Each structure stands twice: as structure tokens, then as C-alpha cells.
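Worksheet for the structure shown next.
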Amino acid sequence: AQKVTQAQTEISVVEKEDVTLDCVYETRDTTYYLFWYKQPPSGELVFLIRRNSFDEQNEISGRYSWNFQKSTSSFNFTITASQVVDSAVYFCALRDPLQAGTALIFGKGTTLSVSS
Amino acid sequence: DTAVSQTPKYLVTQMGNDKSIKCEQNLGHDTMYWYKQDSKKFLKIMFSYNNKELIINETVPNRFSPKSPDKAHLNLHINSLELGDSAVYFCASSSRGAGELFFGEGSRLTVL
């Protein structure tokens, strides 16, 4: 069965600190996709990144970076120089794309609070 | 134009009532979903439809009935509402395969 674990329930940091959100996944599939979504206090779900299981290259987008390691089944998310606007719930998710209609399996989310 | 739109955004109703939430996507996607987000923010898949065919039907009470009149629409009807049905319900769509899911803004259902 597929499973996503986000062990950190809540993280609090002060602005300009770097913060890493952990994500560990379980799947027996060799082809799969990993995602991160952000849910700000306004409630919408915002797509951040998708990564396929064959691409272990790290990705950087502005202050955001992602580290994918198949050896440890982890897909961690780092925010550099955090800002108050980064305060949100962040979800890691897993999807098996081989069947039509497959869903994202979400972790329980990490609530990030950034104070000024 | 909103890619995935849900109506209503807020719904307050009494126990025992029947209610519906509508969802429409204009992205041309084949697959649509309903997710439930509980008070602890946990997102759980309820249903998925691909080309109007039911693909996923998780352990959801049969008081919940999805209906997909066409590829662009997936509505959720809930009978005999219970207090535990209070949650935010998200509709989403995706292209076939590995694409990300595009979510609607959510519909907050409160059962009194």
C-alpha cells in the first residue's frame, strides 16, 4: 500500500531562518510521482512541485528547494530565508500514474509558522 | 476564468438534510476527484471519475453519491447529513497519467 509520512506536525521559525520539511513515502511501484502542495490560511491548495521516480536531481525554485533521495524514500522540502508569507500547511503527496483515475495520497501535512 | 470551480463555497445545514456540492472544470481533463479535509487538515480521497466512469470509491458511507453528467462536471450529493460530515470538500481534476491535481477552492460544510 502507498503511504506518505510527514513526521513534523508543526514547525515554528523566525523570519530569515531556513527550514526543512520532511517527507517519507512508501510504495511498491517503480514508477511513481511525488508532489508538494501548500495550503495558506486562505484555504486553497497550491501546487508547488512534481517529481517523477526516475529523476533524482534536486530542484531549486527561488527560495524553495527539494531533495529527492530514493535510497531513503524521502522527498524533503527546504525554504531558505523564510518569510511570514510562507506560513501555511504543506502537504507531501504520492501518485501512481499507471492507472487512469489514480489519486494523490497525501501526508498529514506540516504546519509552518513564520514569525517576524 | 477559474480552472476548477465549486459551488457553494459555504454550506450550513441541519442534521438529516440532503445537500449537493457542484464542481466544474474547464481544463479539458479526463479525471475528476472529491477529497474530504477534516478538522485536522487531513486530505482523504473519496471518489475519482475518469471519463464519467467511477474509478475510486473509498470507504465512504453510501449516503455520499457522486454524479458525473459529463467529463467537465462532478457533483457530490450527500443524504441524511450527520455531524461528522462537517468538513471542507475539495474537488480536483487532472489529466490522464502523472499530472498534478488542480483543486477547487473548497466547500466548507457545517452540519448543526
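Every read-out reported here was derived from the displayed coordinates using simple, explicitly stated rules and does not represent laboratory data. Here the structure is a predicted model, which means the values were calculated and not measured. For neighbour counting, all protein chains shown are included, and Cβ atoms are generated from backbone atoms with ideal geometry for every residue, glycine included.
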Original post:
Mean separation of Cα pairs under 8 Å and 6+ residues apart, divided by the residue count of the range A:1-40: what relative contact order is that in percent?
Top reply: 49 percent
**OP:** Please tell me the relative contact order of chain B in percent, rounded to the nearest whole number, where contacts are Cα pairs under 8 Å and at least six residues apart.
**Re:** 37 percent
Original post:
Where in the range A:1-86 are there GluC sites (Glu not before Pro) that are in a DSSP coil and have at most 14 other Cβ atoms within 10 angstrom of their Cβ?
Top reply: A:Glu15, A:Glu17, A:Glu44, A:Glu56
Original post:
Excluding A:Ile79 itself, what net charge comes from residues whose Cβ is under 14 Å from its Cβ, given Lys and Arg +1 and Asp and Glu -1?
Top reply: -3
Original post:
Around B:His77, what is the net charge, scoring Lys/Arg as +1 and Asp/Glu as -1 over all other residues with Cβ under 11 Å from its Cβ?
Top reply: +3
Original post:
A:Gln83 label point, 7 Å along Cα→Cβ, cut-off 20 Å on backbone N: hits in the range A:34-58?
Top reply: A:37-49
**OP:** Have a look at A:Ala81, A:Val13, A:Leu34 and report the one farthest towards the positive end of the charge dipole of chain A, computed about the Cα centre with Cβ charges (Lys/Arg +1, Asp/Glu -1).
**Re:** A:Leu34
**OP:** Can you list which of the trypsin sites (Lys or Arg not before Pro) found in the range A:17-69 are DSSP loop residues with at most 10 other C-beta atoms within 10 Å?
**Re:** A:Arg28
Subject >> Within chain B: Cβ-based charge dipole about Cα centre, in debye rounded to nearest 20 (Lys, Arg +1; Asp, Glu -1) >> reply: 180 debye
Original post:
On average, how much area does the Cα convex hull of the range A:1-97 cover when viewed from any direction, in nm²?
Top reply: 6.3 nm²
Subject >> Check: the protein assembly as shown dipole with +1 on Lys, Arg Cβ and -1 on Asp, Glu Cβ, in debye >> reply: 400 debye
Subject >> Cα pair distances exceeding 17 angstrom across chain B, given as percent >> reply: 50 percent
**OP:** Could you work out the relative contact order of chain A, using alpha carbon pairs under 8 angstrom and six or more residues apart, expressed as a whole percent?
**Re:** 38 percent
Original post:
What is the magnitude of the charge dipole of chain A about its Cα centre, with +1 placed on the Cβ of each Lys and Arg, -1 on the Cβ of each Asp and Glu, and no other charges, expressed in debye to the nearest 20?
Top reply: 240 debye
**OP:** Could you work out how far apart the two model spin labels at B:Ser65 and A:Asn58 are, taking each label as a point 7 Å from the Cα in the direction of the beta carbon, and quote it in nm?
**Re:** 5.3 nm
Subject >> Spin-label model distance (nm) - B:Met15 vs A:Ser42, 7 Å beyond Cα toward Cβ >> reply: 3.6 nm
